[in-house]
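Trainee: Sharing a structure here in structure tokens format.
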Amino acid sequence: MGGSGSKSKGFWPFSGSASGDDPAKDGNEPPLARVRSFPGATPFVFTRRSSMFFDEDGDLAHEFYEETIVTKNGRKKAKLKRIQKNLTPQGIIKLEHPCIHVDFPVILCEA
């Protein structure tokens with residue numbers, strides 16, 4: 001079960017070679033910043049998809065709510081209704097400090 005991941009097929013960006021061979025077996029480990037199979041691949045992440053949205057007014061937030069008045073048993077009560085329509089995602093944002101990719105296969109520091 002399992003075993004059908006892309007790592008075994010050689011498409012994993014941090015693997016040492018395009019084949020499924022372990023680079024540590026032949027003693028030719030690639031440098032950490034550059035990899036033989038993908039010359040432009042790096043263990044660092046410089047951008048990410050934002051979790052914030054723009055509404056019709058151009059306001060930027062994670063969530064938008066609208067206050068509605070509900071009358072129940074002759075009493076008025078204010079409720080917040082979440083708005084999910086007419087929202088535009090912020091898109092890709094650049095990180096201030098690069099992060100290390102979660103699939104980076106090397107232990108950087110032992111505890």
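Trainee: Roughly speaking, what is the stretch gain from V70 to N86, that is 0.36 nm per residue apart minus the C-alpha to C-alpha distance, in nm to one decimal?
Mentor: Values: separation 16, 0.36 × 16 = 5.76 nm, distance 2.35 nm.
So the chain would gain 3.4 nm between V70 and N86.
Trainee: Something else: How would you rank 53-64, 70-81, highest first, on the average number of other Cβ atoms within 10 Å across their residues? Walk me through the numbers on the way to the answer.
Mentor: Numbers: 53-64: 11.7, 70-81: 8.3.
The peptides rank, most packed first, as 53-64, 70-81.
Trainee: Under the rule of at least 5 residues apart or a separate chain, name every residue whose amide H is placed under 5 Å from the amide H of F64.
Mentor: HN-HN under 5 Å from F64: I83.
Trainee: Can I ask one more? Under a 5 Å amide H to amide H cut-off, with H placed in plane at 1.01 Å, what residues pair with A41 once short-range neighbours are removed?
Mentor: Amide H neighbours of A41: V35.
Trainee: Taking K and R as +1 and D and E as -1, what net charge do the other residues with C-beta under 9 Å from the C-beta of K81 add up to? Don't skip to the answer; put the middle values down first.
Mentor: Details: positive: K79, R82; negative: E66, E67.
Charge balance in the 9 Å sphere: 0.
None of the figures in this text is laboratory data; all of them are computed from the coordinates on show. Just so you know, these numbers come straight off a predicted model, no measurement behind them. Backbone-built Cβ (ideal geometry, glycine too); neighbour counts: all protein chains shown.
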